[in-house]
Structure formats: structure tokens, C-alpha cells
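Undergrad: Mind looking over this structure? Questions follow.
The values are calculated or read from the model by the stated rules, or taken from the named source; none is laboratory data. These numbers come from a predicted model, not from an experiment. In case anyone asks, the SASA skips ligands and DNA or RNA and just uses the protein heavy atoms, side chains included. Shrake-Rupley method; radii C 1.70, N 1.55, O 1.52, S 1.80 Å.
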Amino acid sequence: LQADRIEIGHVAALMLMAPAVQVDSTSTPNTLQLLGVPVAVDTSTRFEDKSSAAVQMFTLKDVHDGDTIAVRGYESPAGSGRVLARELERLPASAQVAVRGPYTATSAPQFMILSVTIDATSASFGHVEEGGGMTSADFFAQAAGQIVEVRGTAAGSTVTATEVGIDSVEDRLAMATAFGAD
């Protein structure tokens, strides 16, 4: 096999949805924080405004502290706890937050995704693509090495989860999309 072209793509396996804080559109790179996680945007970041403002030429300059923002991206540099956003969307205001990324064990019923502490004491558990039907014990036995998705409410960088799921199928689909597969 002789390649005509080689591309390196990053899988946008991380997702955060929360109110933005510390928005800085004047530094390089432009940054904001979601749930205490630093997020950077660059010239490859796709911006979309789904809020009632519906700004057409939406950029980070249009984002204000408190705006509900959803980002999908990857950790850059690896192991840094910082996210480089591939997509940034401003959404209608919401009290619910969401976090998606690699599971890190702490002490059940808590765990971490990046630097976000997840309290799953009162959560329902399942596989994201299949819905509920998993016990807390099953989740904690299967979550190591998996991408998990959490929805709930936040206080600082702690999320009190209402829903927790293992999300392995979407990762395979994201990987295929990143490499141009159909």
C-alpha cells in the first residue's frame, strides 16, 4: 500500500455543556471555562449560535459569562486537563449540565471526567445508546477504560448526576467520522 495522503485526526470524544465563565476572546488562544475545565478555541473551531440571539457570524467574542455553552473536542496537550474545542455552540439557558469523556475512578459513588467530580449517588445508570437498565454496581464494574456521559446539575466543578451512561458505540462512530469513513 502506498499512501497518496495521510491525515491525522483527533476524535472529539470530550463534551462539556455548562454556563461559560472567564471568557477571554483577546488572548491567544481564545479561552473560556466550563465546569472549571479550561477550553481553548482556534481557527479550526466551528461556532454555532442556537440561542434566541441567533447570531449569524457567531464567534467567541459573542459569548458572555453565564451563557450556556456546549463544546466537543479533545484534550490538548494530552494529559493536560485542557480541551481544544472542535465545535462550540451557544444554547438556550439551561440549569442542566452535561459532561462526556474518559472515566476516572475515585471512590464510588463518585468518579471524575477530566477535573470534574461526578457525584452519582442519586443517578440512574445505563448504556447511552441503550437507555437505562444498569445498576450502580454494574456501572462501576464496567466503566474503567470507557467513555461515559453524565447529565445533572452543577455546583462549581462538581456535577450531581441524574443520568450516567457508558458511551462506547458513539466513540467508534466518531472515530470513523474523523477518518472519513461512511
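Undergrad: Whole-Hz Karplus ³J(HN,Hα) for region 80-92, in order, using 6.51 cos²θ - 1.76 cosθ + 1.60 and θ = phi - 60°, x for Gly and Pro?
TA: Result, ordered by residue: 7, x, 9, 10, 9, 7, 8, 9, 9, 10, 8, 10, x Hz.
Undergrad: Using heavy-atom solvent-accessible surface (probe 1.4 Å) with all chains present, what is the largest-first order of Met57, Met134?
TA: Met57, Met134
Undergrad: Another question about this same structure. Mind listing the phi-derived Karplus ³J(HN,Hα) values for region 70-75, rounded to whole Hz, using 6.51, -1.76 and 1.60 with θ = phi - 60°, and x for any glycine or proline?
TA: Taking θ as phi minus 60°, the curve returns 10, 10, 10, x, 9, 6 Hz for region 70-75.
Undergrad: What list of ³J(HN,Hα) values in whole Hz, one per residue of region 40-56 in order, does the Karplus curve 6.51 cos²θ - 1.76 cosθ + 1.60 (θ = phi - 60°) give from phi, with Gly and Pro shown as x?
TA: Here the 3J(HN,Hα) series is 10, 10, 9, 5, 8, 6, 8, 10, 8, 9, 9, 7, 5, 5, 6, 5, 6 Hz.
Undergrad: Another question about this same structure. Using only the Cα atoms, work out Rg/Rh for the chain, with Rh taken as the Kirkwood radius, to two decimals.
TA: 0.99
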